[in-house]
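J.: Structure in structure tokens, see below.
Every number in this text was worked out from the coordinates using simple rules, so none of it is lab data. Note that the structure is predicted; figures quoted are calculated from it, not measured. Neighbour counts run over all protein chains shown; Cβ positions are idealised from the backbone, glycine included.
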């Protein structure tokens, strides 16, 4: 059996007792596309994200949280003038 991570999308689907097929049918997406999104293989399009959030009754941010940008710890300091 495959070890599929419990992403927010998958968790929301399972909490509602839905299969990938039933979610896909209601969101007008192929079950294979639901699988890809649950495994983070490809980001959703805006239309897909809106449809999934609507069907699952959650916000888009709950399904695909935006990770904060990590600041570059090795940011270069202003270069010193060479005399």
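J.: Once you sort the root eigenvalues of the Cα gyration tensor of the range 8-63 as a ≥ b ≥ c, which label holds: rounded (a/c under 1.5), prolate (a/b larger than b/c) or oblate (the other case)? Please list the in-between numbers first.
T.: Values: a/c = 1.20, a/b = 1.03, b/c = 1.16.
Because its axes are fairly even, with a/c under 1.5, the range 8-63 counts as rounded.
J.: Spin-label point model (7 Å from Cα, Cβ direction): what's the residue 58 to residue 40 distance in nm?
T.: So the two model labels end up 1.4 nm from each other.
J.: Would you please give the FRET efficiency between residue 67 and residue 25, computed as 1/(1 + (r/R0)^6) with r the Cβ-Cβ distance and R0 = 25 Å, to the nearest 0.05? Don't skip to the answer; put the middle values down first.
T.: Details: r = 30 Å, r/R0 = 1.21.
Calculated value: 0.25.
J.: Moving on. Quote to one decimal, in nm, the extra length available between residue 32 and residue 6 on full extension: 0.36 nm per residue of separation minus the C-alpha distance between them.
T.: On the way: separation 26, 0.36 × 26 = 9.36 nm, distance 1.68 nm.
Computed gain between residue 32 and residue 6 is 7.7 nm.
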